[in-house]
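Notes to accompany the following structure.
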Amino acid sequence: MEILRVENLKKYYGPVKAVDGISFSLEKGMVFSLLGPNGAGKTTTVEILEGLRKKDEGTIYYFGVRMDFPNREVKRKMGICLQKSAFFENLTVLETLKLYRTLYGNGMDVEEVVKLFELEGLEKRRVKTLSGGQFQRLAVAVAFVNDPEIVFLDEPTTGLDPQARRHIWEIVETFKRRGKTIFLTTHYMEEAERLSDHVCIMDHGRIIAEGSPRALVESSGLKSIVEFDCENELHVEGTLEKKDNHYVVETNEPETLIKDLLRNWNVSNIVIRKPNLEDVFLKLTGRELRE
Ligand code: ATP
């Protein structure tokens, strides 16, 4: 069942083509990820779909019905976690959850939400006293409290420590198992790789590649990746990234490359590994996701 379809969506800010003719669709129960570096157009896309910004062109179908903006019925089936959530800071965690649940009229049992999002013990804490990770768990919890069919999570784990990030991943997986559809934007490749059924890589307002994480890696043509450190300024064919003295190089013949490097240069910390989504991204855009 198709939950959302977008055709030729465009949004320009003067000369800036923030979203420049993108199309995709989401089936029920899938995790769909929009990946891209800063300024690629992810947030603009998500906010148009959430009904928070106006598109310039394009067609959107919510649950099979063409609409310029999500109507009240669609909004009731949507959950939203904005990139920067703001809550009433003097309300407690429980009051915040209850408030959002009341706004929607129906939804999940608040006690269950507290348990699922591991907010036990924090119910009576005022929002302003929460740590970054606790606040973000609440922000994601609020996106689910109305028991939505589709949840938009705009960079839900940015700035979180690895443990808090992993917890949010588990929550996303739990809801996916319950048949919910997740629309995710992220800077983190390992997050997209672990969670997504379908990834769209966005750059300069356009989708430059899409598919399952595995299909994207397979179709990239990347064979092996060699990483190493070297103090010298090298020009190695297939270099995907060079940061300070650390090199990431794609190659079909890792052994030959390493022998060659060792013979001629003082290299250290050599690693051979399989290519991942981040390498695909670097190859396609020449840029890093995180800045
Ligand atoms: P980030 O990862 O940094 O959130 P993003 O992929 O979400 O980036 P957007 O925030 O959608 O990117 O921005 C896309 C482009 O549109 C950027 O060049 C941005 O500067 C520009 N832009 C976004 N909002 C506005 C606005 N209200 N007015 C003018 N330009 C805007």
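For region 223-274, a simple Cβ point-charge model (Lys and Arg +1, Asp and Glu -1, everything else neutral) yields a dipole of about 200 debye relative to the Cα centre.
Taking a ≥ b ≥ c as the square roots of the eigenvalues of the Cα gyration tensor, region 3-69 is oblate, since a/c reaches 1.5 or more and a/b is not larger than b/c. Between 0 and 90 degrees, rounded to the nearest ten: what's the tilt of helix 254-264 against the longest Cα principal axis of the chain? Computed tilt is about 60 degrees. By its C-alpha gyration tensor, with a ≥ b ≥ c as the square roots of the eigenvalues, how is region 223-274 shaped: rounded for a/c under 1.5, else prolate for a/b larger than b/c, else oblate? Oblate, because a/c is 1.5 or more while a/b does not exceed b/c. With a ≥ b ≥ c the root eigenvalues of the C-alpha gyration tensor of region 31-83, is it rounded (a/c under 1.5), prolate (a/b larger than b/c) or oblate? Note, shape of region 31-83 comes out prolate.
Region 132-155 and region 1-37 have Cα centres separated by 20 Å. For the chain, the longest principal axis of the Cα atoms and the long axis of helix 162-177 meet at an angle of about 60 degrees. Taking K242, K17, K42 in turn, the Gaussian network model of the chain (Cα-Cα springs below 10 Å) assigns the largest fluctuation to K242. Available extension along the chain between D197 and V16 is 62.1 nm, counting 0.36 nm per residue and deducting the alpha carbon span. This ranking places H167, H204 by how few other beta-carbon atoms lie within 10 Å of each, fewest first, which gives H204, H167.
What FRET efficiency do you get for V271 and K115 if R0 is 51 Å and r is their Cβ-Cβ distance, rounded to the nearest 0.05? The pair V271/K115 has a calculated efficiency of 0.80.
Directionally averaged projected area (the chain, Cα convex hull): 17.1 nm². Legend: calculated FRET efficiency, L284 to S212, from the Cβ-Cβ distance at R0 = 22 Å, rounded to 0.05, equals 0.90. Here the sum of -39500 (n - 2.57) over DSSP H runs of 4 or more residues, divided by the residues of the chain, equals -9500 deg cm²/dmol at 222 nm, to the nearest 500. Placing R0 at 35 angstrom, the Cβ-Cβ distance between D229 and Q163 gives a FRET efficiency of 0.80 after rounding to 0.05. Using alpha carbons only, how many angstrom separate the centre of region 197-215 from the centre of region 84-123? Cα centroid to Cα centroid, the span is 33 Å. Between E2 and R72, residue separation times 0.36 nm minus the direct Cα-Cα distance comes to 23.3 nm.
Quick note: the coordinates plus some simple rules give every number you see, no bench work behind them. Fair warning: this is a prediction, and the values are worked out from it, not measured in the lab. Every residue, glycine as well, gets a Cβ built from its backbone with ideal geometry; the counts of neighbours run over all protein chains shown.
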